[in-house]
Amino acid sequence: MRYFGNNIITLVNNLLISYTDQGPVKAPVVIFIHGFPLNKTMWKKQVEVLKEDYRVIAYDIRGHGDSDTGTEDFSISLFENDLIMFMDKLGIDKASLCGLSMGGYIALNAIIYNPERFDSLVLSDTSCLADTPEARTKRLNVINTIFENGVSNYADESVKNLFAPESFTTKEAEIFSVREMIRNTNEESICCSLLALSARKETCHKLSDIDIPVLILVGEEDKITPPEVSGMMHENIKDSTLHVIQHAAHLSNMENPEEFNNQLQRFFEKVYKEQTITSTYTGNSIKSQLRYKLNILLSF
Ligand code: MLT
């Protein structure tokens, strides 16, 4: 049985996992994976638009948002295992993934180790590289600073790196909401996630094995996972498209949702053209049926 809505709770690996599930029953499934230390609400603008044509799911990674934390040491492979168990629990055999930054690290692992479960992948503001020794030390220092100064100060400092300078005048609501997401994440989860991020393994050597369509998006001013890294991933993934999002830094989906959504829609329309035409006979809206028929006609 499928539940629809914004704050659904299900049990995965003995933890309560919170998620949003919207869109037509038989439509292709797109699962969104948030960045660190944020939560599923960062995808609000993508869910709003894509739910017309896709079954759109955004969930809270353990220790984030409204999901339980559990007692196991955090790691990217633990998060990846949670994702696969979450799909099993919801009865989803195949989906497309869209992961931003830490969400992208999880998505890359999921696709590399379970290729049969995925139709396509969107890598947003992310990287296949592991942390350098310097970056690891920096993360450990951040943990110390959080112990000393608390999560609120950490949230204030973080937003300065996540957003492009111009977003501080044009995207005040988004900055406020990201600061709140960080403030509402507990200290233990933030520190355990920082350890998990610092210990993550590189996945670059596996990129050439990926044989599903991949869209790579990156904010032009992203300093955390810069456009050059996206360019390197694009060169190594056979069926990949790279698009640099203007007026955005690390949170490109929130800083320029119009351009980001436009890219997502074009990409998924291409990936699911065949399947969606079939599903027009199983309950999608008349507008989406017309859109896909039009697409087919235009492609000849
Ligand atoms: C994120 O947005 O998920 C983080 O910036 C990832 C990282 O620090 O490596």
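Tabulated results
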read-out: All positions within region 49-90 that are under 24 Å from ARG179 (Cβ atoms) and in a helix (DSSP H, G or I); value: PHE79
read-out: Residue check, VAL159 assigned to a helix (DSSP H, G or I), within 11 Å of the ligand (Cβ to nearest atom) and aliphatic (A, V, I, L, M); value: no
read-out: Set ASP66, ASP93: member being out of contact with any Pro (no Cβ under 8 Å at 6 or more places or on another chain) and either at pLDDT below 95 or farther than 30 Å from ASP156 by Cα (or both); value: ASP93
read-out: Yes/no for LEU140 being within 14 Å of the ligand (Cβ to nearest atom) and in a helix (DSSP H, G or I); value: yes
read-out: Residue that is within 18 Å of ASP131 (Cα to Cα), part of a helix (DSSP H, G or I), free of Cβ contacts under 8 Å to residues at least 12 places away in the same chain and not hydrophobic (A, V, I, L, M, F, W, C), where the choices are GLU235, GLU228; value: GLU228
read-out: Matching entry among LEU207, LEU215 (being over 30 Å from ASP73 (Cα atoms), away from the ligand (no atom under 16 Å from the Cβ), of a type outside the set (Gly, Ala, Ser) and in contact (Cβ under 8 Å) with a residue 24 or more places away in the chain); value: LEU215
read-out: Test: residue in region 109-129 that is assigned to a loop (DSSP other than H, G, I, E, B), in contact (Cβ under 8 Å) with a residue 60 or more places away in the chain, within 16 Å of the ligand (Cβ to nearest atom) and surrounded by fewer than 19 Cβ atoms within 10 Å (Cβ to Cβ); value: yes
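The values are calculated or read from the model by the stated rules, or taken from the named source; none is laboratory data. Source: prediction; values computed, not measured. Positions of Cβ are backbone-derived with ideal geometry, glycine not excepted, and every protein chain shown enters the neighbour counts.
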